[in-house]
1. If each of residue 31 and residue 73 carries a label point 7 Å out from its Cα toward its Cβ, how far apart are those two points in nm?
2. What FRET efficiency comes out for the pair residue 20/residue 66, r = Cβ-Cβ distance, R0 = 25 Å, nearest 0.05?
3. Can you give the extra length, in nm with one decimal, that the chain gains between residue 47 and residue 10 once fully stretched, where that is 0.36 nm per residue apart less the Cα-Cα distance?
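No lab work stands behind these numbers, since they all come straight from the coordinates. Note that the structure is predicted; figures quoted are calculated from it, not measured. Cβ atoms come from the backbone with ideal geometry, glycine included; neighbour counts cover every protein chain shown.
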Amino acid sequence: MRHLARLADYCSITNMHTKNLAIVWAPNLLRSKQIESACFSGTAAFMEVRIQSVVVEFILNHVDVLFSSKLSSVIREGAGVCS
């Protein structure tokens, strides 16, 4: 994800900003067997991929926070508190 976020930094050259990267990569990063099966029609599959791309775009726009070592340590400490 950090690599894709770095690619977005060069969007003025490549025109691959976070939204475009999310559209291209979301179906691979968030693969859904439901979409691949016959139970999804074209419209339903399109809506599902749209949701996936929004999620990936959010992750790319917040990669520094979501994948920071500080957040990871807070999550680990919180996980040990559960009883």
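1. So the two model labels end up 3.6 nm from each other.
2. Rounded to the nearest 0.05, the efficiency is 0.80.
3. On the way: separation 37, 0.36 × 37 = 13.32 nm, distance 2.84 nm.
Full extension of this stretch gives 10.5 nm more.
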